[in-house]
Amino acid sequence: MKISIVTACYNSAATIHDTLRTIQMQTHQDIEHIIIDGGSTDGTLEILEQNKQHIAYLTSEPDNGLYDAMNKGISKATGDVIGLLNSDDLFAHPLALAHVAEALADESVDACYGDLVYVNHDNINLVARYWKSSEYAPHLFAKGWVPAHPTFYVKKRVHDQHGMLFNLDY
C-alpha cells in the first residue's frame, strides 16, 4: 500500500530536516513524499536538495498559504492513502505508517486517525500537550469536528470521490 505524505513548507530550514528524518525512519517504506514549498529563501531548498532521493515530487513557488499548498500536494498524490505531515511535524514512532497501512488494509475502512503529541519547539523530548483521539463518532464529523490533520489518513479514492480539498474562501 503506497502512502502519499504531503509536506507543506515555507522557510523551514530549522525544522524540515527532522521531518524528513522521521519519514525516512518509517518501517513502512512504500511512501510517496510530496513537498510543496512556498518559495523559501532560508536554506530549506538546499536541505531538500540533499534529500532529493527520498522525495517523489518537489515544487517551490509562491502560494496562497498553508491550505493552498496542502491542496496542491493532495492533487499530486498517487498513493492509495493520503496523509499530511507539515515541515515542523514529526512521526513519534518508526511504526506510525505501518499502523496506518495495517488499519487501511481493511477494504471497509476509508480513513484512520490517532493521537497527537505536541512537543516543545526547542526540545522535542519535552511533551507540551497530549491530544488523545477518541473513537469514531459520525455525529461529531457532522458537526464539523475533524481529527488533527497530522494524524488523519484517507484513502485516495475517498478524496477523489468527494473532492476533499481545503476550502480557501475562509
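Please treat every number below as a calculation from the coordinates, not as lab data. Since this is a predicted model, take the numbers as computed values, not measurements. Using ideal geometry, Cβ is built from the backbone for each residue, glycine included, and neighbour counts are taken over all protein chains shown.
General observations
- Pair list, Cβ < 8 Å and 6+ apart or interchain, from the stretch 130-150 residues that are under 23 Å from L85 (Cβ atoms) to residues that are among the hydroxyl-bearing types (S, T, Y) and part of a helix (DSSP H, G or I): S133/T151
- Answer residue from the stretch 20-34, given it is touching a Phe, Trp or Tyr at 6+ places or on another chain (Cβ under 9 Å) and of a type outside the set (A, V, I, L, M, F, W, C) and is surrounded by the fewest Cβ atoms within 10 Å (Cβ to Cβ) among those: T22
- For the stretch 32-47, the set of residues classified as among the hydrophobic types (A, V, I, L, M, F, W, C) and closer than 25 Å to A101 by Cβ consists of I34, I35, I36, listed by residue number.
For (1) farther than 12 Å from N11 by Cα; (2) buried (at least 17 other Cβ atoms within 10 Å of the Cβ); (3) touching a residue at least 24 places away in the same chain (Cβ under 8 Å); (4) out of contact with any Asp or Glu (no Cβ under 8 Å at 6 or more places or on another chain), each residue gets a yes or a no:
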residue	(1), (2), (3), (4)
I36	no, yes, yes, no
G39	no, no, yes, no
Q50	yes, no, no, yes
Q53	yes, no, no, yes
T59	yes, no, yes, no
Y67	yes, no, yes, yes
M70	yes, yes, yes, yes
S75	yes, no, yes, yes
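- Filter result for V146 (β-branched (V, I, T), assigned to a helix (DSSP H, G or I) and within 28 Å of D37 (Cβ to Cβ)): no
- Of all the residues in the stretch 78-90, those that are farther than 22 Å from V158 by Cβ and not charged (D, E, K, R) number 2.
- Check on V109, of a type in the set (V, I, T), farther than 24 Å from K2 by Cβ and either free of Cβ contacts under 8 Å to residues at least 60 places away in the same chain or surrounded by fewer than 17 Cβ atoms within 10 Å (Cβ to Cβ) (or both): no
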